[in-house]
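Chemist: Sharing a structure with you now.
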Amino acid sequence: MAVTAKKILVVDDDAKIRTLLRRCLESDGYLVTEAHNAQSVRAAFAAEAFDLVTLDLNLGAEDGLDIARELQRDHDVPIFMVTGKDDVIDRVVGLELGADDYLTKPFHVREVLARVKSVLRRSGKREAEAPGPLKADPWLALDGLKINLDRMLLLGRDGQEGDLTTADFKLLAAFLTHAKKPLSRDRLMDLIDGQNWAPLDRTIDNQVARLRKKVERDPARPQLIKTVRGVGYVLTESPEESFGESAD
């Protein structure tokens with residue numbers, strides 16, 4: 001059976017960077033479309049769907065974060081951010097918006113390919129079965145939540161599907177598979193195939209804060225994911241396994 005090539009939209013206002021990324025990705029078999037601003041991004045999505053977007057956060061007169069917000073709102077597509085070396089704040093905000101990974105300039109094409117493959121592999125687990133009754137496969141019950149690791153799905157306490165991003169779900173999965181075990185920030189970053197980060201980087205703290213907003217009954221007073229002073233974080237409850245759950 002023939003494998004359909006993945007489609008990637010490269011968004012950058014620097015034509016040289018777009019050309020570099022295009023050649024790099026096309027050499028690995030991807031179908032690449034270029035865009036240089038918000039208008040061309042909208043035009044590209046009006047014409048076809050994409051499996052991944054590489055997005056430069058510094059687009060001259062336009063804010064790449066605004067485009068990231070629009071993509072998160074209107075399209076279910078993984079976002080691979082490309083940032084300047086010193087754009088720490090934008091990087092953190094981008095991850096909080098739900099971006100799946102980031103890379104700083106200057107970059108090596110081999111690292112681009114490795115990270116793109118990783119994001120596509122993770123996002124592939126979220127693809128596409130139409131909403132409907134869930135099949136008889138294992139679900140985890142946790143404080144009123146229902147979680148399916150295989151399908152990368154979370155049902156909230158109201159029965160509605162949660163809006164977790166790939167990055168959110170990878171962090172939740174790390175906690176679930178190490179329940180009641182304190183995990184350092186270093187260990188968490190390793191478990192989620194973390195981004196390049198420095199020892200003083202607060203990326204993992206921001207990701208935990210974002211996840212708490214989606215799984216805690218009261219995010220201001222977290223009871224599920226607690227801070228362990230001097231260590232990191234811990235999931236305080238062990239999930240219970242059940243089978244044949246439905247979305248009803």
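Chemist: Kindly state which strands (runs of 3 or more DSSP E) lie completely within the stretch 1-94 and contain at least 1 residues that are modelled with pLDDT under 90 and either over 20 Å from residue 115 (Cα atoms) or not basic (Lys, Arg) (or both).
Modeler: Where strands (runs of 3 or more DSSP E) fall fully within the stretch 1-94 and carry at least 1 residues being modelled with pLDDT under 90 and either over 20 Å from residue 115 (Cα atoms) or not basic (Lys, Arg) (or both), they are 52-56, 79-83.
Chemist: How many residues are buried (at least 16 other Cβ atoms within 10 Å of the Cβ) and aliphatic (A, V, I, L, M) when one looks only at the stretch 1-30?
Modeler: 8
Chemist: Further question on the same structure: How many residues, within the stretch 51-83, are under 21 Å from residue 15 (Cα atoms) and open to solvent by 20 Å² or more (accessible area, probe 1.4 Å)?
Modeler: Residues that pass the stated criteria total 6.
The values are calculated or read from the model by the stated rules, or taken from the named source; none is laboratory data. Quick caveat: nothing in here was measured; it's all calculated off a predicted structure. Quick reminder, even Gly has a Cβ in these numbers, built from the backbone with ideal geometry, and neighbours come from all protein chains shown. Just the protein is used for accessible areas: all its heavy atoms, side chains included, with ligands, DNA and RNA removed. Shrake-Rupley method; radii C 1.70, N 1.55, O 1.52, S 1.80 Å.
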